[in-house]
Amino acid sequence: MKVSKGQLSARLLGLAMAGVTLVGGGSAFAETGQPAPWEYKLQEAATPVMENITWFHGLLLTIITLITLFVLALLVAVVVKFNARANPVPSRTTHNTLLEVAWTLIPVLILVTIAVPSFRLLFLELDVPKADITIKATGKQWYWSYAYPDNGKFEFDSLMAQDKKPRLLAVDNEMVVPVNKVIRVQTTGADVIHSWAIPSFGVKIDAIPGRLNETWFKATKVGMYYGQCSELCGKDHAFMPIAVRVVSDQEFTAWVEDAKKKFASAPTSTYASAAGVSQ
């Protein structure tokens, strides 16, 4: 099919504008709690832990950028000032006390600058505060089961939904939590090692068979947040999404009452009926 110069120019202009929109305005495609096209930074923080991770990431990026520029400047200075043409007779200097003290102390100070907020962040992640709600997440091949022992002891399965958006992230039954509440998540695996991860929450913890791990988060914004199993757990590893819906206290109370009825008579696993196979 022949294309005229005018049509070709129009198409190229359209592609160029689309590219500018994607690169320069990538945030326009972004929605809280999920990845966005052309995304080059961390997802928007929705918990205090993720806010600290984002800040620490910025600190490390600044430090490594300054170090890289400093080393580059030193290399340029060496090339320009200490080449054979500029110094036909090379210097025989072997020691410089001030320089040796500087290149010892400065890296130590840099490491201390990194270590202090790093340890503080690790403590914040690992020290689980008094929880308002405890939820048990069990990783199975290849879906998640959630139990609410503090809210009626009901349990349900969460499978990837084929007909929902976003693709490969939406599920049939989301994990629902109230906003501004400390949620303790206990994880385990029913078969192999899985990993429960929500980027916007700054949470990633393994779900290991025969072991109970725990983490926590406190979502400060209402909305939907998505993650995926982050451990290579088998052939359908890429189809094991995690969806957490953060709602108000009133909505959470209403959801709990509905969930007690909805999942009261459901079997411990709906995978067989939903996927058409036995466990």
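The values are calculated or read from the model by the stated rules, or taken from the named source; none is laboratory data. What you see is a predicted model; the values in this text were computed from it and never measured. Please note: Cβ atoms are built from the backbone with ideal geometry, for glycine as well, and neighbour counts cover all protein chains shown.
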* Contacts under 7 angstrom Cβ, first residue in the stretch 205-228 being touching a residue at least 60 places away in the same chain (Cβ under 8 Å) and assigned to a loop (DSSP other than H, G, I, E, B), partner aromatic (Phe, Trp, Tyr) and surrounded by 23 or more Cβ atoms within 10 Å (Cβ to Cβ), 6 or more apart -> ALA219/PHE201
* Can ILE63 be described as among the β-branched types (Val, Ile, Thr) and closer than 30 Å to VAL176 by Cβ? -> no
* To do: Could you tell me whether any residue of the stretch 44-57 is in contact (Cβ under 8 Å) with a residue 40 or more places away in the chain, under 26 Å from LEU212 (Cβ atoms) and of a type in the set (Asp, Glu)?
  => no
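Going residue by residue through the stretch 158-165, is there one that turns out to be outside the structural domain of ILE63 (by TED's automatic domain parsing) and touching a Lys or Arg at 6+ places or on another chain (Cβ under 9 Å)? Step through it out loud before you land on a result.
So in the stretch 158-165, the residues outside the structural domain of ILE63 (by TED's automatic domain parsing) come out as 158-165.
Imposing the further condition that a residue be touching a Lys or Arg at 6+ places or on another chain (Cβ under 9 Å) reduces the set to none.
No: zero hits.
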* **Yes/no for ASN173 being modelled with pLDDT of 95 or more and surrounded by fewer than 20 Cβ atoms within 10 Å (Cβ to Cβ)** => no
* Do we have any residue at all in the stretch 115-128 that's of a type in the set (A, V, I, L, M, F, W, C), in a loop (DSSP other than H, G, I, E, B) and at negative phi? -> yes
